[in-house]
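Everything on this sheet refers to the single structure shown next.
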Amino acid sequence: MTSVTGQFVSYETGQPYETLLVEVVDRVATVTLNRPESGNALNAQLHAELADFWQGARDDDGVWVVILTGAGQRHFCTGADMREAASGSEGRLGSRRVMGLPWPYRFFKPIICALNGTAAGGGLIFVWESHITIAADHVSFLEPHLSVGQVPASEIYGLANGGLPWNIGHRMALLGTTGERVSAQRMYDLGVVSELVPAERLLERARELADNVMQMSPLATRAYLEGAWQMREDGAGVSAGSNHGHALGHALRETEDYLEGPRSFVERRRPVWKAR
């Protein structure tokens with residue numbers, strides 16, 4: 001049975017988001033960065049609303065998978081809002097620093113990033129922070145930080161950690177906004193993006209992938225993603241990450257879903273997961 005949310009509101013305040021669109025259908029949340037007039041740039045409000053979503057959805061049993069995209073077809077996310085940066089208020093609401101990326105909140109539910117347009121600057125972090133990244137075939141990538149006197153640390157370092165060759169990362173960073181962009185095809189060939197689709201099919205394909213992911217055990221999936229996060233974040237190596245994942249997996253033997261998996265396999269049907 002299909003279930004759709006009404007007006008999605010902030011987990012913290014109960015008020016509608018201003019810069020974020022969220023639709024939840026059958027526990028798949030489609031989250032759209034909604035500042036198309038500003039290239040879907042990350043201003044303080046968008047940072048705060050994303051932070052609210054990641055923290056709230058982390059513990060919300062009504063959300064099992066997230067599709068992240070941007071409004072329009074021109075931009076996915078162009079990074080920090082330069083107007084705010086010029087005023088000194090970038091990433092702040094009052095005196096409170098806000099961060100709209102998923103990793104500070106230990107978000108271990110699958111994130112499918114559907115790149116609808118240009119990914120630049122801080123927008124590149126979502127590319128490597130997501131677990132599956134697909135792109136419309138017209139998308140391009142660039143790294144503008146050095147052009148505005150900032151250091152592209154998490155952006156290029158994260159992409160390099162995810163497999164981007166350093167010579168390509170250096171080229172992106174050192175050429176900044178001088179006109180050279182990396183195509184979606186090039187990023188696909190390098191393994192940064194796992195699939196290219198026509199723009200008109202982007203969200204349809206993301207939802208197909210989400211439906212496939214939903215057929216996996218949600219508890220086992222979260223244990224797997226936490227193990228991967230532990231390995232990367234702590235720099236503890238494959239063995240430690242694997243041991244962490246195995247320990248989490250062992251605890252699942254006491255859950256209802258642990259029996260549902262083998263039963264559905266034997267009965268040749270789609271599993272009915274309860275996440276308990």
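Assigning unit charges at the beta carbon (Lys, Arg +1; Asp, Glu -1) and nothing else, what dipole magnitude in debye, to the nearest 20, does the stretch 51-187 show about its Cα centre?
180
Taking neighbour counts of Cβ atoms within 10 Å as a proxy for exposure, in what order, fewest first, do 99, 231 appear?
Values: 99 15, 231 19.
So the ranking, lowest neighbour count to highest, is 99, 231.
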Amide H partners (placed H, <5 Å) of residue 8, local residues excluded: 22
Distance (nanometres) between label positions extended 7 Å along Cα→Cβ at residue 83 and residue 157: 3.1
Exposure proxy ranking, count of Cβ atoms within 10 Å, fewest first, for 113, 77: 113, 77
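Which of 23, 143 has the fewest other C-beta atoms within 10 Å, and how do the rest follow up to the most? The partial results should precede the final answer.
Working: 23 14, 143 26.
Going from least to most buried by this count: 23, 143.
For the chain, what does the helix formula give at 222 nm: sum of -39500 (n - 2.57) over DSSP H segments with n ≥ 4, over the residue count, nearest 500 deg cm²/dmol?
Details: 10 runs with 109 residues, N = 276.
After summing the helix terms and dividing by the residues of the chain, the value is -12000 deg cm²/dmol.
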Using alpha-carbon coordinates, inclination of helix 202-214 to the longest axis of the chain, degrees: 30
Cα-based shape type of the chain, given that a ≥ b ≥ c are square roots of the gyration tensor eigenvalues and the cut on a/c is 1.5: prolate
Label-point gap, in nm, between residue 212 and residue 233 - each point 7 angstrom along Cα→Cβ: 2.7
Alpha-carbon centroid distance for the pair the stretch 150-169 / the stretch 191-212, whole angstrom: 23
Segment residue 201-residue 38, extension gain: residue separation times 0.36 nm, minus the distance between their alpha carbons: 56.3 nm
Helix 256-266 vs. the chain, principal-axis angle (Cα, 0 to 90°, nearest 10): 80
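Any read-out appearing in this document is the output of simple, stated calculations on the displayed coordinates, not a laboratory observation. Being a predicted model, the structure only gives us computed values, none of them experimental. Note: ideal-geometry Cβ built from the backbone for every residue, glycine included; neighbour counts use all protein chains shown.
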